[in-house]
Every structure is written in structure tokens, then in C-alpha cells.
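The values are calculated or read from the model by the stated rules, or taken from the named source; none is laboratory data. None of these values were measured; they are calculated from a predicted model. Using ideal geometry, Cβ is built from the backbone for each residue, glycine included, and neighbour counts are taken over all protein chains shown.
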Amino acid sequence: MHKSLSRRLFLQGATAAISAASMAGVAKVSAKEINRPVPLYGPPPGIAKLNANENPYGPSPAALKAMMEASQKGAYYVFDSVMRLKTMIAERHGLTPDHVTLGSGSSAGLAAAAIVAGRKGNILGPDLFWDTTSRVVEIQNLGEIKRLPKLESLAIDLDAMYAAIDDSISMVQVTNPNNPTGMLIDPIAMRNFCVKAAKKCTVLADEAYNELTDNSDANTVIPLIKEGHDIIVARTFSKIYGLAGMRVGYLIAQPEKIAEMERFGLGWYGLNQAGLAAAIASYEDHQFMDYCRNKVKEAREMVSAAVKENGLTALPSVTNFMFVNLGDLNAETFRAEMEKEGVLIRGIYRDYTNWSRVSMGYLEDVKQYTSALPKVLHRMS
């Protein structure tokens with residue numbers, strides 16, 4: 001039997017974990033580093049920050065203007081702004097505001113979905129996906145994450161996933177496009193899977209990178225929610241909108257599912273006026289989104305060329321990051337060596353020891369990565 005978990009207990013646990021992590025970070029800072037001038041926001045000059053899938057071209061000009069105006073009204077709670085954004089999102093998809101809930105990025109919503117699922121059963125996912133939030137079920141002893149076997153292609157096998165749904169599974173989670181692989185599932189296959197799987201359990205489609213694809217409307221399963229299926233779609237303003245630091249995301253699902261998840265920290269109380277204003281101003285800013293999408297494509301082409309020139313390969317990505325196969329080299333050692341060159345990237349995911357993820361940032365930062373690549377590979381050879 002799964003243990004129950006109150007909202008207060010969940011929030012206390014999350015706060016304790018964050019506090020512990022913060023203190024651990026403080027303990028590593030030397031007196032010399034404390035006295036060193038550093039930027040208050042963003043990476044120091046000369047550092048290519050390519051480790052968090054951020055979009056440094058944001059916030060958009062419209063979002064910056066909206067944030068300035070909203071900050072002057074920071075004395076007021078955000079209920080009206082929340083309702084405005086929820087209504088915009090709902091109308092965009094032919095739904096009602098009751099189908100939408102907001103949270104701090106998409107992470108809050110994904111964690112709430114995991115908790116609700118964990119109280120009923122286990123979560124099923126591919127072997128490799130962005131599982132940071134779903135791991136709350138294991139941290140809190142609610143249930144476990146069941147994973148599909150590895151595939152050499154690192155693709156998500158929807159047929160195998162459907163076959164793995166049994167009575168122990170309360171939710172299946174698909175990140176599409178996937179993180180850290182950057183690969184996109186065929187939209188027809190994804191739709192067919194969701195329709196079938198939702199008859200057995202809840203389907204959570206994490207679409208954080210949807211707007212970075214060439215046809216975001218074709219690659220979403222939100223229309224299935226309008227048709228009444230038991231599907232949750234998670235979206236965020238952290239990626240293409242460039243609002244990672246403003247912490248606004250949302251879930252779309254059946255109203256009864258939304259109400260169930262809102263018991264665990266979602267809704268409006270934890271959001272901020274400036275972040276909501278930026279999200280409202282950005283939501284239909286297609287000119288800015290097109291600009292960012294083009295910059296990301298240009299950066300991916302640079303990385304692809306450098307990877308090939310240096311005898312490496314990478315998975316086909318439609319996102320603002322790429323998963324590079326280092327061959328016999330260790331990804332954590334590679335990360336540390338790149339950091340010596342002023343380039344921040346990700347290290348090892350799970351036991352994929354030779355795979356390295358790099359985000360697409362400013363083009364000059366991507367150039368810093370491509371220039372450092374042959375130097376680091378030579379040192380490690």
C-alpha cells in the first residue's frame with residue numbers, strides 16, 4: 001500500500017532539500033571567491049553557459065516591457081493575472097480555464113502529477129527521460145518508476161511502452177521531444193499511443209520543448225484532452241520564451257484531474273506578478289519565437305559540423321540541445337575538461353557514461369564550445 005502524502009509534508013520536504021543543497025553550495029565557496037565581483041544575474045563574462053537548455057535571447061522586448069509595468073504593481077497578489085493567462089491558454093486550445101493550472105515552471109506541475117500518480121500506483125517511462133520530478137514518488141516512498149529496456153537508438157519504443165502497462169501502473173510519462181536526447185516522436189504514432197494508453201492509465205506528455213519544433217501544433221496531444229481522454233500535457237515558458245528565471249509553467253488536463261493535482265502546490269499563490277506579465281506578453285509573440293527558433297537551428301548546425309569534424313556523432317535533435325556520443329570517453333571527465341575552457345555543459349545521465357548533452361545558447365558561446373572541442377578531445381585521447 002502506498003503511503004499518503006499531504007501538501008504540507010511535500011512542501012516541507014522540498015524546502016528541506018533545497019535548503020540542504022543551498023548550504024552545501026555555500027560550504028564550497030572560499031573567502032577569495034566571496035570577495036570576487038560576479039554578476040548578480042546570469043553567467044560571468046567569458047563563460048559559455050550551455051548546461052541548462054536556457055534561451056538567452058529571452059525575455060522578449062514585449063515581455064521586458066510587461067515586467068517593468070507589472071513590477072510597479074508588485075504589492076498586489078496575482079489572482080487576476082493568473083486568470084488572464086489561464087483564459088488565454090484555454091481559448092487557444094478550445095478548452096475552459098478549468099482545464100488549465102499554473103505553477104513554478106513546469107516542474108511544479110510535473111511533481112504534482114507524479115505525486116497524484118504515486119498515491120495510486122507506479123510511473124512508467126522510457127529508460128532515459130527527464131525524470132527529475134517523477135523521482136519524487138521514490139524519494140517520498142510513494143511508488144517507483146518502472147523503465148523500459150535500453151534501445152541502441154535511444155528512441156522511445158511506444159509499442160513496448162504500451163505492452164508494459166499493467167495494473168501496477170497509474171501513469172505513463174512521455175517527454176516529447178525527449179530530454180536529454182532531443183528526439184521527436186512521430187506525431188501520428190504519439191497520438192495513437194495516447195488514445196490507447198489513456199484507456200488503461202493516465203498519460204503525461206511533457207511537451208516542454210514543443211514550441212521549438214518546426215510544427216508545434218502537429219506535435220502536441222492537447223487536442224486529445226478536448227476529446228475527453230485522460231491525458232496531462234505539461235508546458236513551460238522557460239524554453240523558447242526565454243523565461244526560465246521567471247518560473248511560469250502550466251498543465252492542461254481534464255478539470256477533475258486539475259483539481260486533484262492542485263492539492264499539491266499548484267494554482268496561483270506561489271506565482272509572481274512579473275513572471276505572469278512576461279508570460280502573458282510572450283504567449284502569442286510568434287515573431288520572437290520564430291527568431292529564437294532560427295537562432296537555435298543555426299547553433300545546432302554549428303555543433304553538428306564540429307561534432308562531425310572531430311570524428312564524433314550526435315542524435316538528431318529538434319530542440320535547443322544535442323546529445324553527443326563521445327565514443328570511449330567519459331562524459332563527466334569531458335564536462336570537467338570543457339569547464340576548464342570556460343564552457344559549461346552537462347555530465348553523465350544515469351549510466352549513459354559516454355553521452356554528453358550541450359545546450360544551444362548565444363552563437364558566440366556555441367562557437368566557444370566548438371573551438372574548445374578539439375582541444376579537449378586531444379587532451380583526453
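A few remarks follow.
- Scope region 174-200; condition within 18 Å of residue 136 (Cβ to Cβ) and touching a residue at least 60 places away in the same chain (Cβ under 8 Å); matching residues: 179
- Region 182-227, subset of a type in the set (Gly, Ala, Ser) and on the phi < 0 side of the Ramachandran plot, residue surrounded by the fewest Cβ atoms within 10 Å (Cβ to Cβ): 218
- The listed residues are 37, 43, and the only one of them that is exposed (fewer than 12 other Cβ atoms within 10 Å of the Cβ) and either touching a Lys or Arg at 6+ places or on another chain (Cβ under 6 Å) or at pLDDT below 90 (or both) turns out to be 37.
- Filter result for residue 79 (in the same structural domain as residue 201 (by TED's automatic domain parsing) and loosely packed, with under 15 Cβ neighbours inside 10 Å): yes
- Scanning region 92-108 for any residue that is more than 21 Å from residue 220 (Cβ to Cβ), over 21 Å from the mean Cα position of the chain (by Cα) and hydroxyl-bearing (Ser, Thr, Tyr) turns up nothing.
- Residue in region 140-156 that is touching a residue at least 12 places away in the same chain (Cβ under 8 Å), loosely packed, with under 13 Cβ neighbours inside 10 Å and over 21 Å from residue 208 (Cβ atoms) present: yes
- Residue match in region 228-240 (condition: outside any strand (DSSP E or B), of a type in the set (Phe, Trp, Tyr) and in contact with a strand residue (DSSP E or B) (Cβ under 7 Å, 6 or more places away or on another chain)): yes
- Checking the stated criteria, residue 275 turns out not to satisfy the condition of being of a type outside the set (S, T, N, Q) and on the phi > 0 side of the Ramachandran plot.
- The set of residues from region 176-191 being of a type in the set (Val, Ile, Thr) and assigned to a helix (DSSP H, G or I) comprises just one member, 188.
- Some residue of region 243-265 being free of Cβ contacts under 8 Å to residues at least 24 places away in the same chain, among the β-branched types (Val, Ile, Thr) and either closer than 30 Å to residue 120 by Cβ or not assigned by TED's automatic domain parsing to the domain that holds residue 136 (or both): no
- Criterion: closer than 26 Å to residue 318 by Cβ and among the β-branched types (Val, Ile, Thr) - qualifying residue of 137, 172: 172
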